Amino acid sequence: MTSDTPEEVNSTTLNEGNTAIPPEMTSPVEKKSEEEPTKSKSKKSKKGKKGKPSPEEIARIRIERQRKKEEMLQKGLDPNVPPELSFIKRPMLSLHDKEADPMKGFNFTLMTYNCLAQALIRRKLFPDSGEAVKWLRRSKVLLNKFKHYNSDVICLQEVDSIQYQSFWKEELEKMGYESQFYKKGSKNHGIAIVWKRELFTLTDKMLIDYDKEASGDIPTRTTTNNVGLVLALKFSNKVLEKFPNTKRSGILIGTTHLFWHPFGTYDRTRQTYVVLNKMKEFMHRVNVLQEGNDGDDSHWYPFFCGDFNSQPYDTPYLSMTNKPVTYEDRAKTVIGCSTSFKFSKKRDGESDADDEEGGNIEKFGKDQPQTPVPETFTPTEEQAAMVKNIEALHNTLDMRAISLYSVGYGKVHPENAGLDNSRGEPEISNWAHTWNGLLDYLFYFKKWEFDDKRQVDSLDMFEKENGVKIRELLRMPGKDEMEKFGHGQPHTGEYPSDHLTMVAALELDM
């Protein structure tokens, strides 16, 4: 399926205040059948003068409407929005009692979301999505979703360049946001960071091109066209007026979308090294340029969110969070297997969208591994050395990442925390037609002192050490809930992307 034209994008608007009632909620009185037989005189007592419904009938209709409304609310749907523009709304789950632990610092909400690039939509990848994948409709649902969650800082992935310039930039400005967009020149979609202008002011930014960034002596294996974006967002005057004595400057926020390929584990692991290293570089830069190089790293709160195309038991994620990292068992098998995959030379300089998220440039053959997750894998001497070198490289870098959901989600939704992983993470953030799993994260970055940080930080330790309190986390559905739909996402009345939004409400010590 080809992407929609800019003209279609420009004609898209959200019908604010739409109070249309879904067809199933229309009462018999409002939708009277033409074939309804004439009422007998004995039943006229139920109606008032001139055929108007009686008080009893009006009361019954109201009760039925309220019942339907409550049913929709229980499903997370908005009864005041047409079904084709609705989406499932999930609640924020509180980690702290507001009365026993009142807020004292600066509060903001942080979202990450892969909103599914229109340029990547192919019917073979979304066979059950129907009208839900059409931009004219999906843009309205996405916009409605952003308005509902109303997050203060939003990290987006798979943002179409055409739609950003002709639709998103203007619509976000109307909502009080400013934004920065970045993509590799050859791609038609990229990443964006969005923030409330009343809370933050942009003072610096860093662009990351993984194909050009150094990673020790480890070279790139193929052209990926993946990028990252990091911003320094200083607290606005409005915020500083509320906290006049603060020594805090603001937040550092980064986002990325790592290499998608099923056999790209080794390359993603290299890219996570680049993420940590570039964030370290940026933290030093803002401290020198904006704080006078006073050696105090606590002026800025560093966050990094996005689609890392890695699950909590794979080496890209573990290399960032489990320090010092040691590749073992499944993780070691998968990264070893990925080193044996031979990427096509067509990929270098490739600009076709089919080369990503389901493309087929690399053909499986006798000399290629047949699955990215084999039960066993015996590497060659060269392949084993590659794995050992990337592991050692990560362990020389004094930076680590802490997943906010890993730290806190087990406190509020233990039924969906750490079910298939040892890090306390929820099961999924991606639910597509052929695959599902957790790929998206909200990280807090900090210096690693080369001590043992292989266990997940406790919530109490994380909050005390970093001056960041996790107030709330957006509820994530488990696989059992998603399986009941019987199809992948996006889907009308459910979710507008194959990924799920993740949100954290945070309180910063000022």
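Worth pointing out:
- Taking the criterion of being modelled with pLDDT of 75 or more, within 28 Å of Arg471 (Cβ to Cβ) and open to solvent by 50 Å² or more (accessible area, probe 1.4 Å), the residues of the range 53-106 that qualify are Pro91, Met92, Ser94, Asp97, Lys98, Glu99, Ala100, Pro102, Met103, Lys104.
- Within the range 246-260, the set of residues being out of contact with any strand residue (DSSP E or B) (no Cβ under 6 Å at 6 or more places or on another chain) and either hydrophobic (A, V, I, L, M, F, W, C) or without any contact (Cβ under 8 Å) to a residue 40 or more places away in the chain (or both) comprises Leu258, Phe259, Trp260.
- The C-beta contact set for the range 53-70 (first residue in contact (Cβ under 8 Å) with a residue 40 or more places away in the chain, second residue open to solvent by less than 60 Å² (accessible area, probe 1.4 Å), distance under 9 angstrom, 6+ apart or interchain) comprises Arg65/Met25; Arg65/Ser27; Arg65/Pro79; Lys68/Pro22; Lys68/Met25; Lys68/Pro79; Lys69/Met25; Lys69/Pro79.
- Flag for Phe377 being surrounded by 22 or more Cβ atoms within 10 Å (Cβ to Cβ) and among the aromatic types (Phe, Trp, Tyr): no
Results for (1) more than 26 Å from Pro82 (Cα to Cα); (2) open to solvent by less than 10 Å² (accessible area, probe 1.4 Å); (3) touching a helix residue (DSSP H, G or I) at 6+ places or on another chain (Cβ under 7 Å); (4) not hydroxyl-bearing (Ser, Thr, Tyr), shown as yes or no for each residue.
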{"position": "Arg123", "(1), (2), (3), (4)": "no, no, no, yes"}
{"position": "Val133", "(1), (2), (3), (4)": "no, yes, no, yes"}
{"position": "Asn144", "(1), (2), (3), (4)": "no, no, yes, yes"}
{"position": "Lys147", "(1), (2), (3), (4)": "no, no, no, yes"}
{"position": "Ser151", "(1), (2), (3), (4)": "no, yes, no, no"}
{"position": "Gln163", "(1), (2), (3), (4)": "no, yes, yes, yes"}
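- Index of the failed condition, Arg471 passing every other in (1) touching a residue at least 60 places away in the same chain (Cβ under 8 Å); (2) surrounded by fewer than 18 Cβ atoms within 10 Å (Cβ to Cβ); (3) of a type in the set (Lys, Arg): (2)
- Options Phe243, Phe259: the member that is under 23 Å from the mean Cα position of the chain (by Cα), at pLDDT 95 or above and aromatic (Phe, Trp, Tyr): Phe259
- If you go through the range 271-285 and pick out every residue that is in contact with a Gly (Cβ under 9 Å, 6 or more places away or on another chain) and open to solvent by less than 10 Å² (accessible area, probe 1.4 Å), you end up with 5.
- Pairing each residue of the range 224-239 that is touching a residue at least 12 places away in the same chain (Cβ under 8 Å) and at positive phi with any residue that is in a loop (DSSP other than H, G, I, E, B) and among the basic types (Lys, Arg), provided the two are 6+ apart or on different chains, yields C-beta distances under 7 Å for Asn225/Lys184; Asn225/Lys187.
- For first residues located in the range 275-287 and touching a residue at least 60 places away in the same chain (Cβ under 8 Å), partners that are in a helix (DSSP H, G or I) and open to solvent by 10 Å² or more (accessible area, probe 1.4 Å) and lie 6+ apart or on another chain with Cβ distances below 9 Å form the pairs Met283/Asp297; Val286/His299.
- Sole residue being at pLDDT 95 or above and of a type in the set (D, E, K, R), chosen from Lys187, Lys174: Lys174
- Screening the candidates Lys184, Lys205, Lys212 for the property of being without any contact (Cβ under 8 Å) to a residue 40 or more places away in the chain and either part of a loop (DSSP other than H, G, I, E, B) or within 23 Å of Phe341 (Cβ to Cβ) (or both) yields one hit, Lys212.
- Qualifying residue in the range 419-426 (condition: farther than 19 Å from Asp128 by Cβ, outside any loop (DSSP other than H, G, I, E, B) and either open to solvent by 50 Å² or more (accessible area, probe 1.4 Å) or of a type in the set (D, E, K, R) (or both)): no
- Screening Arg138 on (1) in a loop (DSSP other than H, G, I, E, B); (2) among the charged types (D, E, K, R); (3) open to solvent by less than 10 Å² (accessible area, probe 1.4 Å) shows it passes everything except condition (1).
- Boolean, Ser151 is modelled with pLDDT of 95 or more, part of a loop (DSSP other than H, G, I, E, B) and polar (S, T, N, Q): yes
- Extreme residue, nearest to His299 (Cα to Cα), among residues of the range 410-431 that are out of contact with any His (no Cβ under 9 Å at 6 or more places or on another chain) and of a type in the set (A, V, I, L, M, F, W, C): Val412
The values are calculated or read from the model by the stated rules, or taken from the named source; none is laboratory data. Because the structure is a prediction, the values reported are computed rather than measured. Positions of Cβ are backbone-derived with ideal geometry, glycine not excepted, and every protein chain shown enters the neighbour counts. Note: areas computed on protein heavy atoms with side chains; ligands, DNA, RNA excluded. Shrake-Rupley method; radii C 1.70, N 1.55, O 1.52, S 1.80 Å.
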